[in-house]
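Asks: Here you go, one structure.
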Amino acid sequence: MRARKPVIGLTPLMDIERDSLWMLPGYMSGVQQAGGLPVMLPLTDDEAALRQIVESCDGFLFTGGQDVSPSLYDEEPMSCVAVCPERDRMETKLLQYVIAADKPLLGICRGIQLLNVALGGDLYQDLPTQWKSATSHRMDPPYNLPWHTNQILPDTPLHALLRSETLPVNSCHHQAVKTLAPSLRVMAVAADNLIEAVWRPESRFLWAVQWHPEFSYATDPASMEIFRAFVESCGSSG
Ligand code: MN
C-alpha cells in the first residue's frame, strides 16, 4: 500500500480587482517536491468550517499576499498599505485553531507578518519610509536568486536544519516584523538586523520566513530543506 502523504492546507491568494482566488504554483510544487499533498483552502472565516479544516489537514502554509491591516495592531494605515480584510479574519482565526491543535505551520512573507500580528506583535508598515537601511528588501527579478544575506542565529531550529550561520535569500517585501510577538523567537536577521525568520518554541513546528522559498526551492537547496522539514513535521504523529 502507498504511504499517505501529509495534506497541507494553503491559505488562498486573493485578487481583489478580479474578485478571484488564486495560487502561485511554487507554494504547491514546493510542498509536492517535499512529499506533501497541497490543497488550496476556501476563503472563509466560518468557525465551524475552519475547525473542520484544522482537523482534516496535517499542516498549514500561510502564503504571501496583501499587507496585514494595521488596525489589527492599533495603527492607522499609511497610504501605501493595501489590505485584504477577509484574509486577515480567516487567517487570524485559523491560526488560533492551528496552535490549539498543535498542527505544523509554515508562514511565508505575509505569513510571518500575519503570525506576528495575530500573536500580539506589530509591523513596519513601509520599510522605505520607516526603516533606514543600506539593505534593500525589494529585489529585481529573477526572484529565485539571492538578493541579501541573512544571519542565522545559533540554537535555533533553522540553524540545526541548515548547519550554517549565513543564508543568502531573495527579498520582496515592504513590510516587516517590528515588535516581536511574546511567544515568538527570532531565527534569522538580515545584515541591517531586520527580522527575517521566527519560530514558536511551544509549538511542534511553527516557523515563518520573510523571504520566498516558493520562488527558489528548485535552485536553492536551503529553500528545499525548509519545505522538507515542514512537510516531514506534518507527516510525523504529534
Ligand atoms: Mn528581506
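Asks: Scan segment 192-208 for residues that are open to solvent by 20 Å² or more (accessible area, probe 1.4 Å), part of a loop (DSSP other than H, G, I, E, B) and away from the ligand (no atom under 16 Å from the Cβ) and report the count.
Replies: Qualifying residue count for the region: 4.
Asks: Here is a check on your reading of the model: is Leu162 modelled with pLDDT of 95 or more, closer than 26 Å to Ala82 by Cβ and away from the ligand (no atom under 16 Å from the Cβ)?
Replies: no
Asks: When you check Thr44 against the structure, is it touching a Cys at 6+ places or on another chain (Cβ under 9 Å), over 20 Å from Asp122 (Cβ atoms) and open to solvent by less than 60 Å² (accessible area, probe 1.4 Å), yes or no?
Replies: No: the conditions fail for Thr44.
Asks: Restricting attention to segment 180-191, and to residues there that are free of Cβ contacts under 8 Å to residues at least 60 places away in the same chain and part of a loop (DSSP other than H, G, I, E, B), which single residue is nearest to Ile112 (Cα to Cα)?
Replies: Only one residue tops the list, namely Ala190.
Asks: In segment 149-159, how many are crowded, with 19+ Cβ neighbours inside 10 Å and either within 14 Å of the ligand (Cβ to nearest atom) or part of a strand (DSSP E or B) (or both)?
Replies: Matching residues across segment 149-159 total 2.
Asks: When segment 89-136 is examined, which residues are found to be buried (at least 21 other Cβ atoms within 10 Å of the Cβ), farther than 22 Å from Trp199 by Cβ and free of Cβ contacts under 8 Å to residues at least 60 places away in the same chain?
Replies: Once the filter is applied, which keeps residues that are buried (at least 21 other Cβ atoms within 10 Å of the Cβ), farther than 22 Å from Trp199 by Cβ and free of Cβ contacts under 8 Å to residues at least 60 places away in the same chain, segment 89-136 yields only Gln125.
Asks: Within segment 165-177, can you find the residues that are part of a loop (DSSP other than H, G, I, E, B) and within 16 Å of the ligand (Cβ to nearest atom)?
Replies: Once the filter is applied, which keeps residues that are part of a loop (DSSP other than H, G, I, E, B) and within 16 Å of the ligand (Cβ to nearest atom), segment 165-177 yields Asn170, Ser171, His173, His174, Gln175.
Asks: Another one. Looking only at segment 1-22, count how many residues are part of a strand (DSSP E or B) and open to solvent by less than 100 Å² (accessible area, probe 1.4 Å).
Replies: Total meeting the criteria: 9.
Asks: If only one of Glu86, Glu75 is away from the ligand (no atom under 16 Å from the Cβ), open to solvent by 40 Å² or more (accessible area, probe 1.4 Å) and in a loop (DSSP other than H, G, I, E, B), which one is it?
Replies: Glu75
The values are calculated or read from the model by the stated rules, or taken from the named source; none is laboratory data. Just so it is clear, the model here is predicted, and its values are computed rather than measured. So basically every Cβ, Gly included, is an ideal-geometry build from the backbone, and we count neighbours across all protein chains shown. We work out accessible area using only protein heavy atoms, side chains counted, and drop any ligands, DNA or RNA first. Shrake-Rupley method; radii C 1.70, N 1.55, O 1.52, S 1.80 Å.
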